[in-house]
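Trainee: Can you keep this structure in mind? I'll have questions shortly.
Taken together, the values in this text are just the output of simple stated rules run on the coordinates, not laboratory data. Just so it is clear, the structure is predicted and the values come from calculations on it, not from any experiment. Every residue, glycine as well, gets a Cβ built from its backbone with ideal geometry; the counts of neighbours run over all protein chains shown.
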Amino acid sequence: MDSEEIDKWDQESERAWKNDEHIVHFADSIVEVLKEILTPSAEVLDCGCGIGKHIRAFRELGYTTEGIDQSIKAVQYARKLNPDTLIIHARLQDLINFSPETYNLIHTCAVLQHSTHDKKRQILANFRHILKPSGFLLSAECTFTPETLKLLKEKNPSVEFTEEWTDGYSFSQQGWIRFMLENEFEHIKTIFPWPYYLFKVHK
């Protein structure tokens, strides 16, 4: 990770702290799913936690939640928003050094979409390392819809846009599901309106 990339995410954290809402609440559909799959004592890790809004949301639901982010600015703000919470300054590639089979659920929001597929594979291997057997990944990532694929086709008629389309970072819905299955995460359900994908790890 070079200094330019670090600066970018530090600047984004500054922007988020100044301009974004610091309190978020999961949609009822997400809360219902969490209640179905997690016990009150569940351990959650928010990966790429940013300024810590989702950490706070998980904690308000009663789950023990920790966070990790590569931006020191994000970590500082997340700690300010979530006192007495373990929030680690590190890359997702560093998760391989964490204790194995620690967490019941990993959460990502607009995180995996910024990595190449090779880097995603490394990150997902690290997720498998720290998830408990039959643990879950709850992930909201940029998804190409049929409508956006249609627009892309109109602009680039020579390109074949399949239902598993990828631009090298994000996927269509079926593309995400196939990619995650190839990396040992079984798709359980997709939760709308902003698609949240629920996956279950295979060990």
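Trainee: Quick one: divide the alpha-carbon radius of gyration of the chain by 2.2 N^0.38 Å and tell me what you get.
Mentor: 1.02
Trainee: Amide H to amide H, which residues 5 or more places from F144 or on other chains are under 5 Å from it, using H placed in the peptide plane?
Mentor: Placed amide hydrogens put F171, S172, Q173 under 5 Å from F144.
Trainee: Please turn the phi angles of the stretch 47-57 into ³J(HN,Hα) values with the Karplus equation 6.51 cos²θ - 1.76 cosθ + 1.60 (θ = phi - 60°), one per residue in order, whole Hz, x for glycine and proline.
Mentor: 9, x, 6, x, 7, x, 5, 6, 4, 4, 5
Trainee: Could you line up D69, D7 from fewest to most neighbouring Cβ atoms inside 10 Å?
Mentor: So the residues, fewest neighbours to most, are D7, D69.
Trainee: May I ask you to list the lysines whose Cα is less than 20 Å away from that of K153, ignoring any residue fewer than eight positions away on the same chain?
Mentor: Partners found: none.
Trainee: Note down the nm distance, to one decimal, between modelled labels 7 Å out along Cα→Cβ at L86 and at A110.
Mentor: 2.8
Trainee: Right, something else. Can you list the residues, at least 5 places off or on another chain, whose amide H is less than 5 Å from the amide H of Y196, using H built in the peptide plane?
Mentor: I191
Trainee: OK, next. How far is it, in nm, from the label point at K153 to the one at A125 when both lie 7 Å from their Cα along the line to the Cβ?
Mentor: 3.6
Trainee: Additional query: Tell me what the chain gives for mean residue ellipticity at 222 nm when only DSSP H runs of n ≥ 4 count, each as -39,500 (n - 2.57), the sum divided by the residue total, rounded to 500 deg cm²/dmol.
Mentor: Working: 7 runs with 79 residues, N = 203.
The helix contribution divided over the chain gives -12000 deg cm²/dmol.
Trainee: I would also like to ask the following. Magnitude of the Cβ-charge dipole of the chain, K/R +1 and D/E -1, about the Cα centre, nearest 20 debye?
Mentor: On the way: 23 positive and 31 negative charges, 53 e Å.
The dipole of the chain has a size of about 260 debye.
Trainee: Continuing with this model, one more query. Calculate one ³J(HN,Hα) per residue across the stretch 143-160 by plugging θ = phi - 60° into the Karplus curve 6.51 cos²θ - 1.76 cosθ + 1.60, and present them in order as whole Hz with x for glycine and proline.
Mentor: 10, 6, 8, x, 5, 5, 5, 5, 5, 4, 5, 5, 7, 10, x, 7, 9, 8
Trainee: Something else now. When the convex hull of the Cα atoms of the stretch 90-131 is projected onto a plane and the area is averaged over all directions, what value comes out in nm²?
Mentor: 2.8
Trainee: Still on this structure, please answer the following. Starting at 0 and stepping by 5 Å, how many percent of the alpha carbon pairs of the stretch 57-177 end up in each bin?
Mentor: 2, 10, 16, 19, 18, 13, 9, 7, 4, 2, 0
Trainee: Once phi is turned into ³J(HN,Hα) by the Karplus curve 6.51 cos²θ - 1.76 cosθ + 1.60 with θ = phi - 60°, what whole-Hz value does each residue of the stretch 69-75 show in order, with x for glycine and proline?
Mentor: Going residue by residue, I get 8, 7, 8, 5, 5, 4, 4 Hz, with x marking Gly and Pro.
Trainee: To continue, here is another question. List every residue whose amide H lies under 5 Å from the amide H of E101, counting only residues 5 or more places away in sequence or on a different chain, with H placed 1.01 Å from N in the peptide plane.
Mentor: Under 5 Å from the amide H of E101 lie the amide H atoms of I130, L131, each far enough along the sequence or on another chain.
Trainee: Compute the relative contact order of the stretch 41-197 as a whole-number percentage, counting only Cα pairs closer than 8 Å that sit 6 or more residues apart in sequence.
Mentor: 18
Trainee: Arranged by the count of other C-beta atoms within 10 angstrom, fewest first, what order do W165, W176 take?
Mentor: In increasing order of surrounding Cβ atoms, one gets W165, W176.
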